[in-house]
Every structure is written in C-alpha cells, then in structure tokens.
Amino acid sequence: MIDKKRVEEVAKLACLKITKDQCAVLEDQFHLILEDFEKLNQVDTKGVAPMITPHEEKIDLRRDEVQNELSVDDVLKNAPDVQGHLFRVPPVV
C-alpha cells in the first residue's frame, strides 16, 4: 500500500522536494502503477522461456582481449585530483 508517508520516503531517497499537492498526485500514480504490476503477476508464464530480448537476433560478441591503449599517465593527465596512480574523489557518505 502506498500512502503519503511512503511517497515522502521515496521522494526523500530520490532527493526530491515535493509539495502536498504533488504528494497526492504521486500517491495516485503509484497506486495505478502497482495495479498494473498486479495484472502482470496474474499472467500465466509457465512454459515460457526467459528472454533477454524479444527479438530473435544473433548478437555478435567480440573476444575480450587485453589491450594497452593508454598509459596510466595519459589516463590521469586530465583528472582534477590524483594521488599516486589513482583518481582522488570527494568522500561519499
């Protein structure tokens, strides 16, 4: 069940600031989405093989081979901050 509290939690996780009106609209939209998923759950899929894509195309994969195209110095030369042979980035909490 999607209620106002759950919508606000999702908005917070998505770093979105929403108004009360937007919260009400999103609550209704989430209900409709979940109803659609419930309809999909009722479809009998026994005997249907899992698919990666609905197309019967052959995918040509290339062999994974190691190539030395760039040196470490070339890769790091445009980095804003480097420590040794590593990119230095701000800490993520």
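The values are calculated or read from the model by the stated rules, or taken from the named source; none is laboratory data. Everything quoted here is computed from the prediction, not taken from an experiment. Reconstructed Cβ throughout: ideal geometry from the backbone, glycine too, with neighbour counts over all protein chains shown.
For region 7-25, what are the residues that are of a type in the set (D, E, K, R) and either surrounded by 10 or more Cβ atoms within 10 Å (Cβ to Cβ) or touching a Phe, Trp or Tyr at 6+ places or on another chain (Cβ under 8 Å) (or both)?
We begin by selecting, within region 7-25, every residue of a type in the set (D, E, K, R); these are 8-9, 12, 17, 20-21.
Across region 7-25, the qualifying residues are GLU8, GLU9, LYS12.
Annotation: ASP28 fulfils all but one of (1) among the charged types (D, E, K, R); (2) farther than 30 Å from VAL93 by Cβ; (3) exposed (fewer than 10 other Cβ atoms within 10 Å of the Cβ); the unmet one is (3).
Counting the residues of region 20-45 that are over 26 Å from VAL10 (Cβ atoms) and in a helix (DSSP H, G or I) gives 0. Across region 46-76, which residue is farthest from ILE2 (Cα to Cα) among those that are at pLDDT 90 or above and assigned to a loop (DSSP other than H, G, I, E, B)? Filtering first and then ranking leaves GLY47.
Quick one: is ILE2 closer than 24 Å to VAL93 by Cβ, in a loop (DSSP other than H, G, I, E, B) and among the aliphatic types (A, V, I, L, M)?
Considered against the rule, which asks whether it is closer than 24 Å to VAL93 by Cβ, in a loop (DSSP other than H, G, I, E, B) and among the aliphatic types (A, V, I, L, M), ILE2 comes out as no.
Go through region 80-93 and count every residue that is part of a loop (DSSP other than H, G, I, E, B) and within 30 Å of LEU13 (Cβ to Cβ). Break it down into steps so the answer makes sense when it comes.
Residues of region 80-93 that are part of a loop (DSSP other than H, G, I, E, B), as a first pass: 80-81, 84-85, 88-93.
Add one more test, that the residue is within 30 Å of LEU13 (Cβ to Cβ), and what stays is 80-81, 88-93.
Total meeting the criteria: 8.
I'd like the full set of residues that are out of contact with any Asp or Glu (no Cβ under 9 Å at 6 or more places or on another chain), surrounded by 10 or more Cβ atoms within 10 Å (Cβ to Cβ) and of a type in the set (Lys, Arg), limited to region 38-88. Hit for region 38-88 is LYS77, nothing else.
Number of residues in region 1-25 that are of a type in the set (A, V, I, L, M) and within 20 Å of GLU35 (Cα to Cα): the value is 6.
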